[in-house]
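Note sheet for the following structure.
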Amino acid sequence: MRRTDRYRYPVIMTLLILLHFTVRSRLGGDRVAPDFLLLALLIYTIRAEPGKSAAAGFVLGLLRDALTPASFGAGALAHTLVGFMSSWAKAVFFAEHVFVKGCLFFAGTWVRNFIVLLVSGRLQSSQVAWELLVWSPLQGLTTAVVGVAVLWFFRGWLSPRRPGASGALGASA
């Protein structure tokens, strides 16, 4: 393993977070554009334990909540729960198939949007059906498509670390 290989994963995560705050507003409305911040969290949960994923979700949720003070805390709670649940689900299903990861990105986006609606108190309005049945699935779909593309394009950089894999070939030869 080259010395620069360990920096590839954090570079991709940082790039996704930067894309969220720079490019996302130009990709359509807030309801449809892919959520790069949540995508970074979900890609992280593929490699991390549930506790670390929940902590990362909390930090990213607070970062997102800083921009929406009207419902401060809802995003932190939603990202924490989605981070924990997606990491736990990844450990239970243990599938390395790209379709399963796409479904994880879609479901994570939809569940996060549902939790934010529930906690922020906006479930009483008549727009809730549109939000949960139209806009959230569209955002989940765009996030899943971008997530699968990121995983495919950077597959060598984002592949999960295997215990004992680094240096194993060099040690046995």
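A few points about this structure:
- For the range 69-96, the set of residues classified as among the charged types (D, E, K, R) and open to solvent by 70 Å² or more (accessible area, probe 1.4 Å) consists of Glu96 only.
- Counted residues, the range 46-63 - those being open to solvent by less than 50 Å² (accessible area, probe 1.4 Å) and farther than 21 Å from Lys90 by Cα: 0
- Odd one out for Thr109 among (1) surrounded by fewer than 21 Cβ atoms within 10 Å (Cβ to Cβ); (2) over 12 Å from Thr45 (Cβ atoms); (3) not small (Gly, Ala, Ser): (1)
- Residues considered: Ser136, Ser125, Ser86. Of these, the only one that is outside any helix (DSSP H, G or I) and either at pLDDT below 80 or in contact with a helix residue (DSSP H, G or I) (Cβ under 8 Å, 6 or more places away or on another chain) (or both) is Ser125.
- Flag for Phe99 being surrounded by fewer than 22 Cβ atoms within 10 Å (Cβ to Cβ), within 24 Å of Leu15 (Cα to Cα) and at pLDDT below 90: yes
- Flag if Ile43 is in contact (Cβ under 8 Å) with a residue 24 or more places away in the chain and buried (at least 22 other Cβ atoms within 10 Å of the Cβ): yes
- Tallying residues that are outside any loop (DSSP other than H, G, I, E, B) and either open to solvent by 40 Å² or more (accessible area, probe 1.4 Å) or more than 16 Å from Gly147 (Cβ to Cβ) (or both) within the range 16-33 yields 7.
- Any hit, the range 47-69, residues being closer than 20 Å to Phe84 by Cα and of a type in the set (Val, Ile, Thr): yes
The values are calculated or read from the model by the stated rules, or taken from the named source; none is laboratory data. The structure displayed is predicted, hence computed values, not measured ones. In this analysis, Cβ positions are derived from the backbone assuming ideal geometry, glycine residues included, and neighbour counts consider all displayed protein chains. Ligands, DNA and RNA are stripped out before the accessible areas are found, and what is left, the full protein with its side chains, is counted by its heavy atoms. Shrake-Rupley method; radii C 1.70, N 1.55, O 1.52, S 1.80 Å.
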